[in-house]
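The values are calculated or read from the model by the stated rules, or taken from the named source; none is laboratory data. Because the structure is a prediction, the values reported are computed rather than measured. Every residue, glycine as well, gets a Cβ built from its backbone with ideal geometry; the counts of neighbours run over all protein chains shown.
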Amino acid sequence: MRRIENSTNCGEARENAASRRPRSNAESDRSISGEPINAELKQHAVGANDWRYREIVQILHEWAGILNREFNLGLQIPAIRLDPIPIRDLGSYQPGRNGFGVRHEITLNTRHLDRPLAEQLETLLHEMLHEWQALYGKPGRGNYHNREFRQKARLYGLVVDERGHHLGVEMGRFKILLAQHGVEMATLHIPEEETTLRARMRRGDSKLKKWSCGCTNVRCAVSLAARCERCGNLFEEAAPAW
């Protein structure tokens, strides 16, 4: 479960929160299918023309496929649910089976669907990592976001504490993937340690190098071989100034 300390967005969700769809890829929906009901629920949700969240859930399912493939998570198709849950929770993952006997239920809080797409995907990845831990790891009993979960999240740049609060998103695989798909990331919180790192970069003593495609900048400590799906250009090493 991903949580926030406070919330100032207590109004009803707006339907255009996740209006940018990812660049499609023939393999973007690849996953371990698991039980047939999950695939059937997905098809039902994206085909429910009279449901106000149909377009949003379609985008979330497409991104779940992209995140699963690009990060090699080996996940089964989640049952993505959009419902109002306690205001402090951005999303949740249901361990085991829910009240309908369905596994891998991921809920995104409709109270927060007015947040930018990058933040919605941050929450989606967080909950998908709970599914990964349920399948391949050891979920904690008294400590839901145990060390294994936090270390797995850190691999992609998500900095999470024991209570599930996000302390920020570091430059890493998650941000690079969003950049490749042209997703605006200005609202993603930067961890304090990365703020310190950026101050070091301004002094010129960082080992991270700047890479640019012409429309987006990223920083990596290793050689980057990636193409931006917004402009189609390869990322190339650029001058160190942001």
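Could you tell me whether the range 159-171 includes any residue that is on the phi > 0 side of the Ramachandran plot and surrounded by fewer than 18 Cβ atoms within 10 Å (Cβ to Cβ)?
In the first step, residues of the range 159-171 are kept if they are on the phi > 0 side of the Ramachandran plot; the result is 164, 168.
Right, trim to surrounded by fewer than 18 Cβ atoms within 10 Å (Cβ to Cβ) and you get 168.
Yes - at least one qualifying residue is present in the range 159-171.
Within the range 104-126, the residues that satisfy the criterion of being of a type in the set (A, V, I, L, M, F, W, C) and without any contact (Cβ under 8 Å) to a residue 60 or more places away in the chain are Ile106, Leu108, Leu125.
Among the residues of the range 138-149, is any closer than 12 Å to Leu73 by Cα, aromatic (Phe, Trp, Tyr) and outside any helix (DSSP H, G or I)?
no
The residue that is nearest to Met1 (Cα to Cα), among those in the range 55-107 that are in contact with a strand residue (DSSP E or B) (Cβ under 6 Å, 6 or more places away or on another chain) and among the basic types (Lys, Arg), is Arg88. Listed by first and then second residue, the pairs with beta-carbon distance under 7 Å, at least 6 apart or on different chains, first residue in the range 127-155 and over 18 Å from Ala64 (Cα atoms), second surrounded by fewer than 23 Cβ atoms within 10 Å (Cβ to Cβ) and among the hydrophobic types (A, V, I, L, M, F, W, C), are Tyr144/Met1; His145/Val160; Arg150/Val160. For the range 69-93, a tally of residues being in a loop (DSSP other than H, G, I, E, B), in contact (Cβ under 8 Å) with a residue 24 or more places away in the chain and not basic (Lys, Arg) returns 9.
Tell me which residues, restricted to the range 32-53, are at negative phi and outside any helix (DSSP H, G or I).
Going through the range 32-53, the residues at negative phi turn out to be 32-33, 35-53.
Within the range 32-53, Ile32, Ser33, Glu35, Gly47, Ala48, Asn49, Asp50, Trp51, Arg52, Tyr53 qualify.
Taken together, the criteria exclude Gly96 from residues that are at positive phi, under 13 Å from the mean Cα position of the chain (by Cα) and not in a helix (DSSP H, G or I).
Within the range 61-82, the residues that satisfy the criterion of being within 23 Å of Ala48 (Cα to Cα) and out of contact with any Leu (no Cβ under 8 Å at 6 or more places or on another chain) are His61, Glu62, Gly65, Ile77, Pro78.
Scanning the range 170-180 turns up no residue that is modelled with pLDDT of 95 or more and over 20 Å from Asn68 (Cα atoms).
Using the structure shown, decide if Glu127 is of a type outside the set (A, V, I, L, M) and either touching an Asp or Glu at 6+ places or on another chain (Cβ under 6 Å) or not in a strand (DSSP E or B) (or both).
yes
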